[in-house]
Each structure stands twice: as C-alpha cells, then as structure tokens.
Protein chains: 2
Amino acid sequence: MKTDLEIAVETELQPIKEIVNQLDLLDEEWEPYGKYKAKLSLNILNRLKSKADGNLILVTSINPTPAGEGKSTVTVGLGQALHQLGKKTAVALREPSLGPVMGLKGGATGGGYSQVVPMEDINLHFTGDIHAITATNNALAALIDNHIFQGNQEQIDPRRITWKRVVDLNDRALREVVIGLGGVKQGVPREDGFNITVASEIMAILCLANGYEDLKQRLAKIVIGYRFDSTPVTVADLKVEGVLAMLLRDALKPNLIQTIEGVPAIIHGGPFANIAHGCNSLLATKMAGKLADYVVTEAGFGADLGAEKFLNIKSRIGELDPKAVVIVATTRALKMHGGVEKDQLATENIEALEKGLENLAKHIETVEKFGLPFVVALNHFTTDTEAEVRVIKEWCDNRNVSLAITTVWAEGGKGGLDLAKEVIQKVEQQQSNYQPLYQLETTIKEKIEAIATQVYGATDVKYSPLSEQQIVEFTKNGWADLPICMAKTQYSLSDQPEQLGRPTDFSITIRELRPSIGAGFIVALTGDMLTMPGLPKEPAALKMDIDRDGQISGLF
Amino acid sequence: MKTDLEIAVETELQPIKEIVNQLDLLDEEWEPYGKYKAKLSLNILNRLKSKADGNLILVTSINPTPAGEGKSTVTVGLGQALHQLGKKTAVALREPSLGPVMGLKGGATGGGYSQVVPMEDINLHFTGDIHAITATNNALAALIDNHIFQGNQEQIDPRRITWKRVVDLNDRALREVVIGLGGVKQGVPREDGFNITVASEIMAILCLANGYEDLKQRLAKIVIGYRFDSTPVTVADLKVEGVLAMLLRDALKPNLIQTIEGVPAIIHGGPFANIAHGCNSLLATKMAGKLADYVVTEAGFGADLGAEKFLNIKSRIGELDPKAVVIVATTRALKMHGGVEKDQLATENIEALEKGLENLAKHIETVEKFGLPFVVALNHFTTDTEAEVRVIKEWCDNRNVSLAITTVWAEGGKGGLDLAKEVIQKVEQQQSNYQPLYQLETTIKEKIEAIATQVYGATDVKYSPLSEQQIVEFTKNGWADLPICMAKTQYSLSDQPEQLGRPTDFSITIRELRPSIGAGFIVALTGDMLTMPGLPKEPAALKMDIDRDGQISGLF
C-alpha cells in the first residue's frame, strides 16, 4: 500500500493561481508562497462583508483512541465529495505542529486520497505561521525578563510570572527549568518552563482575532504574571502589544492550498484542544464562508472537547452559524470503547462494538443539545466485517440517526458521496437551531457545571482548594463573564483517561484555573495537562530524510 | 529627514518576476514568496556550471565603532552604481537576525537610497530561513535529551553536552539555565544554555554547504558532546542527520530580492562574525557569480574578522576567486579610532583623524597580504569637513592608495559611481593574486599565530591551560587540519575592545577552543564571547507597531 507521502507526491498539483481563480479572488487579495501555497489578504472579508455566509459543516468524532478515527481525512474527503456534487466548497483546517509530526504522528494533513497538499510543506515549516508565533511568544518572554533586569518598574514578582517560553517541538527536558543563572549580568534567576508553541496563548489569540486591531487589543490583555502586591500584569502594562502584533503581520493572513482533488483548503492556526479551543482560525473559517457555499471544518479531539469549544467559544465569539455536524466513528475505535485491546481490533467483536456505541450515543446527545442537525460518518476500514457494519446501521436506524459509510482514504471524494448527500439534505431540509450551552453572564462555576453535566455526563463538579480560591480572585479581577475552556483528557468523557465507553456516576475535578484573557477565556484544568509533549523511544524523526535532489521521505 | 523604512515603503518595487528576468532564470528555477521575494533552486548552479564566474568584490571595513561605518549601505550602493554603469550586477548579503533588530539596530538592510527591499519583510521573518535553523537546532537538542532519557545507548555524559538550544532573540535570561527538572518523567537535570540562532553551528553549516548531500554530511559531523569515556559524540552517532537536513530543505535555497534601484540581491544566511565566519551563504555567492558579471558581497565586522574569514575559510572551502576588496571608512569612525568621544564626532579634529587612519593602514596591509587589489571607500557624512576629507585624500595619495568618496545613503547608486569606476578599473587592470594566509596542513598553533601576527599585528599568542589541553585533544581527534575561526572582539585589532586605533606590542590570548566540525573549522575564543546578546533598557521593539491595515512602523 502506498504511503500518504507517496500518494501526495504523485499528485499533479494545480498551480495555486487555479485555486485562487476557483474562489474568484482579486489579484491584490493573495500572495504566492511557492508554486502551491498562498497567503490571503484580510481585505477579502471587507469586500464580501454583505455576502451571505456559506453553509458551515463541523466535523467532530467520538472520543479518540489509539486506533484512529480519521477525522481530518473525513473532513477533506467530505469537502471533495461536496465539490464532486457541484457545490462550491472550501475546507478549513488547522496547521500541523512540528512537535507531533516529529514525535509519533509523522504528518497531520489527512490521509490517502483525502489529504491536503503539498503535504511535505504543510507538515514542516509551511508558510512560517507557527514559527512567527514562537518568535512572538518568546519575544514577550525576553521583554518580561529584560523589564525585571532593567529595574522592574512594574514590580513584577519573578516567582509569579505565568508567561512561558515555547518551542514547536516535543521536548520534555524543557518542561521545568531554571533560567537567569550565571550572576548579576545574566538576569534574575527564577523557575520557568517551556510549552509547545501550539499551547501558547498567542496561538489562541491569532485564532480568535478578527483583524489587526482586534489582534493588538487581545495581545494587550494577556496576563503575564502578578506583581508583588498580587495584581495582574498585562502586556499593555509593558507597552509591547504593538511589536507583538507587528511580528504576527503575515501569520494573521490565512493560507490557501488545495486538497488532492483540487478543492480549495484554507488552513490557518492550530491551537491545542485542551489548554485552548482546538480549531483553525476564525479568520480562515469566515473567509471560507465568504468564498464558498459549503465550508467543511473540524475541531480537535472528540465532540466533548473540540465541538464543545467550537460551539461554546469560537462560534459565539465569531458569530458563526453552523448548519450541521458530522460525527466520525470507526468500528475499531468503537470496539476499543467497548473494551477490546489494541492488538485485537482486526477481529470481529459484536458485543464490544455494541458496548462501544454508548460513547457515540453520548456525543449525539451533546450535538442535539446545541440544536444542530448531524450525520454519523462510519469511516470504513478493510478489516470491518459485514456483521459489524450491520450492527451500526441497525443501531442508527433504531434511533432515527442518519448514517453514512465513507471510504475517503482509499477513494477520495468518491468515497464520501453518501455522506455529502446526507449533509446536503440536512442543510437544505432541517433547520439548525444552534445556540451555546450556557450564557456568559452565569458564574464561572455554573459554566463549568453546564459543560461537565451536559457534555460529559458527570454527576457533579469538585473543586480543589486552589481552584476555589482562583474563582474568587478571577471574579474579583472581572474575568467571570468569559467562556470556559476545559482542559480535560481527550480519551474519556470523564477526566480519567482509562474510562472508555460511556462512564456514568462520576465527578469532574477542577484542579486549577488559568486566565487566557487575551484569547478571551478561562482555562479550567482537570487532572494534569501536559503542555509540552515528550518524544517516544523511536521518534518518527529517525525515519525522515532528504535526498541529494531535495526529495523528502519519512513523512506519513 | 526620512527614515529608512519611509524611504523603503515609498519605493515602487518591481514584481519579483522582473528581477528574475534580469537574471535569465528558467521558470522551474524559482518560486515566489509573496510579490517581491523568491526562493532560487539549487539546479541553477548545475545548469550554469561551465559558465565563468562573475567578478567577486568583497566589501569590508575598518574596525567598527558605535559611530557606524555603513558597510551594508556601501555594498548595496556599489551594486547599484555598477548597475548604472551597465554592468550585469548582483549583490549578495546576509539575512538579518531578529534579535538585534528588536534590540538596538531596528533593521539591517542597508540604509537610505542604498537598501534592499521589502525591508520590513527582510528584517522580520523574511522567507523563514532563520526560523527553520532555530527549529533544526532545537530538534537536535530535543533528540539528544530524549536519547539520554530513553536509555542513553551512546553513553553521552550529560555534563559534557556542548550542543546548545537557540532562540533568534536577545534574551540574556537564557544564557545559563538548568533543564530537565521536575522528576524522573521530565528527563535528566543538567546545566545548559541558549545561544542566539545566528550563532548556531547549523547556520554556519548552511552557509558553507554546496548542496543537500554536502549539507547532510556536514550535519552528520557535528560534535554534540562527549561520552563518559571522553570520546566525541556526533550527529551521525545519533543517526539524525537525515531529519535535520530535511528540516533545512527550503532554508538551503538562496533568496532573491531587489535593491531600492531594482538591482538583484541574493540574500541568504547570516552567521555570527566572531563565533562563526560572518558571511552570507556560499550558495548565494556562487549563484550570484553564475548569474551576474559583477557580484558585490560583504563580510561581518572589520577586515580583521570578516574579511580574514571570508578569505581564509569561505573562499578556500568554496574555491572562490575574489577580484578586489573595498575597505569602508568614515571620518567619524576614524576620529573615534583617534581617541574622540562619541558625542564629539561632529566636530572637526584633524589630529584625531590622522591618528585614526592607522587603523585603516593595518587593514590595507592585511588585504595586500592576501594578494588582493583594493579601494578605500570614504562613506561621506554631511558633518565631514573639507579639511578632513582633504587629509584622507592626501593620506591615500601619499601611499598610492585608491580612494573613492561615496554618498550612497543620500543618492543611491549615483553616490557610488566613483567607487564603482575605481572597482572596475582594479578588476580590469590589476591582477588579483588571492591566496589564503596559511596552509591547512600547518598546526593549530601555527594557524592561530599566522592570523594573530599577520592580520591583528600581535607580537605573539598566549594560550590558557584549557586551550593547550584542547589543542592536544583536537589534534588527536584528527581536527588539526581544519581552518581556524577566530572569536575576537570586533572593536579592536587586539583582543581588548577598548584598544582602538592600531595597537602595538600586544599578545592575543586564546582562552578556549570549540569544535565546529560540521561547519568545518575550529573556533578559537579570545576573551569572553557573548553568543546570546541582551536587550537594552529601551529596546527598539518598544517603538515598533502595526496599524489596522497591517502597515508597520518603528523599523529603521
């Protein structure tokens, strides 16, 4: 079987100008970045502001498992299928982070005949957006430490600086560090740590800003730490929002590429789906909406994290109006939720499959609570048996749930035509009554509890003493009206990663809150959240190479 | 008076395709990066390999002072002047590092009407080359720490890892750090430190590699530290040269832009001129030589550092054949070398000027030792008096030295026509007898002493006990045949920065050696060398901004 990279490299790409022409862009609205990538001007939104938005379709999934669900692949495949059916379509996706690419994943651009290309560019440095975010994040860190070194006029407490440096790599040795060593000429020693770039608040801000002015205002609101008197210190206090916004000039522009079947794909930003909201940029989604009649986008992890945040945070801030949701599942992942071990997934197991369907059931209920029409997409694997597929079909029929079986990895858009037809039918015939699950004016606890009980199915929420104290402080600081961004394990509906399927009778424990005031949300952490991954024993990087002609191998 | 940024932004740039056409490139040999930047394919060198090289002109200067010499400005101005005289010309320059831009410099792309554009792109993220080098450098660091964490098969001594992480910022708090804290799941605690990216050996390697295969071979030779048994550990031992080379795929391609007068400029790489060799990439210089009849390039700092390394390291490795040297001086800098304080430079002072000319005299002698014709360029300031200019003219006349007065900041190429005519005359009428100053087969000490006595004018070289020991070890490791890259203060011919003018009767003290085996040289450090700058009290960054339309201000 061919690898994703082999399939991608064999594809005859269209010059990016052809993709630009599909979207009827003006000459001054785009800039080429190489032959197959472009940056899009923010002026497009202004020119088309009175035009009605295209139909926004969100692709989400059951709780992810090591078996893989293929959410990005279904997203691209659905976009290609809609295109084949004559709909003017654009796909909106996140940019991959180099850390996971070099660690375990080896690539994050869909797969098979449903991927975005040129995949080797997108998986590596692409158009430099993530590098610009790294530089901006670390420039702020350098300016903070320099402020303290040069006299500390703002009276920043070096023990309470919350702004961390970042690298876009998996580098566990940087999780906890001590900096400023070496004597009085090197700065002030203090504890610090590095996050992966995609966990930076700068990334979250870039993905929620609606233009340069909004970007600057959000940057200005970032809380970088606290003074000796415990009051928060912001970027505005240091007067550096201008330079930070300047460093993001090009990174704020969405990127245009194509899918392997030549469908326009706008790919921009990629915040973590636990510590942040896990969707591509608002600008990319809005621009796709102005340029196409159907926009297919995805949100990170399962519906309990990605879709919840897409619907409670991003859609609210951006005044988006999603029309339908696709929930991706595989028999393999459902069987894992039903208790099957990873090495037994190729074996038929109806009992486990039926048990695992409970996980899907919960996500369906969640999507219904947001008032959205939905289709379940069964992403078909060659090892799926007829009996297994029949069980899923019957399960859906019994619940009056629309199901489509997709084979988009192997067949591209053709393998997603059934799904596309179901989606079109939902959009054209079923009214979306999208509304967020909670009102911003409710308290921090009420918001957390709305998510925990309605989305996760928890019975209640417990708070650590630290988080109790923080809720009081954050409310005093005027931050209580912000939406909540839950940082929870993606593997389970609960906050215990080993609890697969549909756990019941459980509590969610809030360990700590973190203010992301620039992004515009409060992060609520359940359990330990790694914001800097580590490399495995055999990193994917060890297989990567380039030959004397500049041809890359080892991405997949 | 207009700022450099204002002048740059007012310029009507030619589409990059026009610049490409000037150089007769084939369609498949270039890729656009925005409307005014391009990446050039390495295949150009292959297509033109039998074509004779253009005339290579090296621009260097007296020892730099805070008064500024305008070496980059003269380089661009000379290129523009040669172009005005009908010569097919290309300029080859280094890419600016973000650290100094945000610290003190505010920009590093020439000045006035002799700069390269778009200056705001070049000074910020440009085409991402330096970010790619940062990521590659730090990927190696993460792979090293992961190797140790995962069992340390190579028996790397964590106390003797010499590979440092980098950021392309001035961040003194990262000079000395402790990493790997937090317990057994976070790695192995050890002392570490960060350099600025342009001090990375990866940058030096990128600037000396002649293609992907050579790049990979050089990366493989990097020494990252030592085993418990004191033997050196290389990138090849970790088997990661493939992924590192892959991460540099696009960064290895030279960048094409234009000067403010539309002359092609190939700008690529920017290694430090102390810890590394301080010139743009060999690929850029070679490519410019194949595409133009005159190539004007510069080397970092004064002739004692930049030109010495250009001629002893880069030209030797790249088999370049420089035809003439331009030595830039200003009356202001000469007066500083003669003892005048910075705030008195606008006042006429013949005595100090005459004394300061001794600094120029030494650099002239050095260039003559390399067998190269030269012209002195007096970069004229409005505060220069007629008497001062006359003194310099007479000084040059008495020594039979060619002098040209340039006004390229204010007048662009027109202000460099006299210099260009002198340069053409040298090239056409005076034979270059370029040869390096030492043979590679001589010992490490003989090479160091050749540079110290012949280029700096030192009486002898002293060695610290550490460096004595290292010379024995390095020779045993088989590294003695490599050229020497001296890390010395740029401000003085000696290793004492306060010794301006032409110091005599001094020793050079070698404190430490560092192996840059991938780059292909041994660094010899005199005194303390900062490889991570700090920010000043009022960083240039504080004045930088972007408006709602994406227009940048505060670069200069």
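The values are calculated or read from the model by the stated rules, or taken from the named source; none is laboratory data. As the structure is a prediction and not an experimental result, all values here were calculated from the model. All Cβ positions, even for glycine, are placed from backbone atoms using ideal geometry, and neighbour counts span all protein chains on display. Accessible surface areas use protein heavy atoms only, side chains included; no ligands, DNA or RNA. Shrake-Rupley method; radii C 1.70, N 1.55, O 1.52, S 1.80 Å.
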Inset, instruction - Mind listing whichever residues of region A:461-472 are open to solvent by 40 Å² or more (accessible area, probe 1.4 Å), out of contact with any Asp or Glu (no Cβ under 8 Å at 6 or more places or on another chain) and in a helix (DSSP H, G or I)? - result: A:Pro465, A:Glu468, A:Gln469, A:Val472
Inset, instruction - Might you check whether a residue that is within 14 Å of chain B (Cβ to nearest Cβ), among the acidic types (Asp, Glu) and within 23 Å of the chain's Cα centre (by Cα) occurs anywhere in region A:201-215? - result: yes
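Any chance you could count how many residues in region A:131-145 are among the aliphatic types (A, V, I, L, M), under 30 Å from A:Met544 (Cα atoms) and either at the interface with chain B (Cβ under 9 Å from one of its Cβ atoms) or not in a helix (DSSP H, G or I) (or both)?
Residues that pass the stated criteria total 2.
Residue by residue, here is whether (1) surrounded by 20 or more Cβ atoms within 10 Å (Cβ to Cβ); (2) on the phi > 0 side of the Ramachandran plot; (3) in contact with a Ser or Thr (Cβ under 8 Å, 6 or more places away or on another chain); (4) part of a helix (DSSP H, G or I) holds:
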site	(1), (2), (3), (4)
B:Ala324	yes, no, yes, no
B:Arg332	yes, no, yes, yes
B:Met336	yes, no, yes, yes
B:Ala346	no, no, yes, no
B:Leu357	yes, no, no, yes
Inset, instruction - Would you check if there is a residue in region B:281-290 being in contact with a strand residue (DSSP E or B) (Cβ under 7 Å, 6 or more places away or on another chain) and open to solvent by 10 Å² or more (accessible area, probe 1.4 Å)? - result: no
Inset, instruction - Confirm whether B:Arg514 is outside the structural domain of B:Asp237 (by the TED database), touching a strand residue (DSSP E or B) at 6+ places or on another chain (Cβ under 9 Å) and open to solvent by 30 Å² or more (accessible area, probe 1.4 Å). - result: yes
Inset, instruction - Could you please find all residues in region B:126-145 being over 30 Å from B:Val116 (Cβ atoms) and open to solvent by 10 Å² or more (accessible area, probe 1.4 Å)? - result: B:Leu143, B:Asp145
Legend entry - Residues that are surrounded by 23 or more Cβ atoms within 10 Å (Cβ to Cβ) and out of contact with any helix residue (DSSP H, G or I) (no Cβ under 7 Å at 6 or more places or on another chain), drawn from region A:483-511: A:Ala487, A:Asp495
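Just a yes or no: is a residue in region B:44-54 in the same structural domain as B:Thr259 (by the TED database) and within 28 Å of B:Glu120 (Cβ to Cβ)?
Yes: one or more hits.
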Inset, instruction - Within region A:527-551, track down each residue that is modelled with pLDDT under 95 and of a type in the set (Val, Ile, Thr). - result: A:Thr531
Inset, instruction - Specify which of the listed residues (B:Gly193, B:Gly187) is in contact with a strand residue (DSSP E or B) (Cβ under 7 Å, 6 or more places away or on another chain), open to solvent by less than 20 Å² (accessible area, probe 1.4 Å) and over 30 Å from B:Gly34 (Cβ atoms). - result: B:Gly193
Legend entry - Any hit, region A:407-424, residues being aromatic (Phe, Trp, Tyr) and either part of a loop (DSSP other than H, G, I, E, B) or over 26 Å from the mean Cα position of the chain (by Cα) (or both): no
Legend entry - Residue list for region B:438-460, filter: outside any loop (DSSP other than H, G, I, E, B) and polar (S, T, N, Q): B:Thr453, B:Gln454
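Got a number for residues in region A:2-47 being among the aliphatic types (A, V, I, L, M) and in a helix (DSSP H, G or I)?
Step one: filter region A:2-47 for residues among the aliphatic types (A, V, I, L, M), giving A:5, A:7-9, A:13, A:16, A:19-20, A:23, A:25-26, A:38, A:40, A:42, A:44-45.
With the extra rule that they be in a helix (DSSP H, G or I), the set shrinks to A:5, A:7-9, A:16, A:19-20, A:44-45.
Adding up the residues that qualify gives 9.
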Inset, instruction - Might you let me know whether region A:520-528 holds any residue that is within 14 Å of another protein chain (Cβ to nearest Cβ) and either part of a loop (DSSP other than H, G, I, E, B) or in contact with a Leu (Cβ under 8 Å, 6 or more places away or on another chain) (or both)? - result: yes
Inset, instruction - Could you check, for region A:349-365, whether at least one of its residues is over 18 Å from A:Ala307 (Cβ atoms) and among the polar types (S, T, N, Q)? - result: yes
Legend entry - Pick from region B:100-122, criterion part of a helix (DSSP H, G or I) and touching a Lys or Arg at 6+ places or on another chain (Cβ under 9 Å), ranking: least open to solvent (accessible area, probe 1.4 Å): B:Ile122
Legend entry - Flag for B:Leu219 being within 24 Å of B:Leu248 (Cβ to Cβ), out of contact with any Asp or Glu (no Cβ under 7 Å at 6 or more places or on another chain), open to solvent by less than 10 Å² (accessible area, probe 1.4 Å) and not in a strand (DSSP E or B): no
Inset, instruction - Kindly check whether there is at least one residue in region B:146-156 that is open to solvent by 10 Å² or more (accessible area, probe 1.4 Å), facing chain A (nearest Cβ under 9 Å) and of a type in the set (Asp, Glu). - result: no
Inset, instruction - Working only within region B:157-168, note down all residues that are more than 7 Å from every other protein chain (Cβ to nearest Cβ) and open to solvent by 10 Å² or more (accessible area, probe 1.4 Å). - result: B:Pro158, B:Arg159, B:Arg160, B:Ile161, B:Thr162, B:Trp163, B:Lys164
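Give the residue that is surrounded by the most Cβ atoms within 10 Å (Cβ to Cβ), with candidates limited to residues of region A:520-537 that are farther than 21 Å from A:Leu208 by Cα and of a type outside the set (A, V, I, L, M, F, W, C).
Initially, region A:520-537 is screened for residues farther than 21 Å from A:Leu208 by Cα, giving A:526-530, A:532-537.
Of the ones still in play, those that are also of a type outside the set (A, V, I, L, M, F, W, C) are A:526-528, A:533-534, A:536-537.
On the way: A:Thr526: 27, A:Gly527: 16, A:Asp528: 9, A:Pro533: 19, A:Gly534: 21, A:Pro536: 12, A:Lys537: 9.
Ranking the candidates gives A:Thr526 first.
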Inset, instruction - Could you please let me know if B:Val188 is outside any strand (DSSP E or B), farther than 30 Å from B:Asn21 by Cβ and at pLDDT below 95? - result: yes
Inset, instruction - Return only the number of the condition from (1) under 24 Å from the mean Cα position of the chain (by Cα); (2) surrounded by fewer than 21 Cβ atoms within 10 Å (Cβ to Cβ); (3) not in a loop (DSSP other than H, G, I, E, B) that B:Tyr434 does not satisfy. - result: (3)
Inset, instruction - Could you look through region B:169-183, keep only residues that are assigned to a loop (DSSP other than H, G, I, E, B) and at the interface with another protein chain (Cβ under 7 Å from one of its Cβ atoms), and pick out the one that is nearest to B:Pro533 (Cα to Cα)? - result: B:Asn170
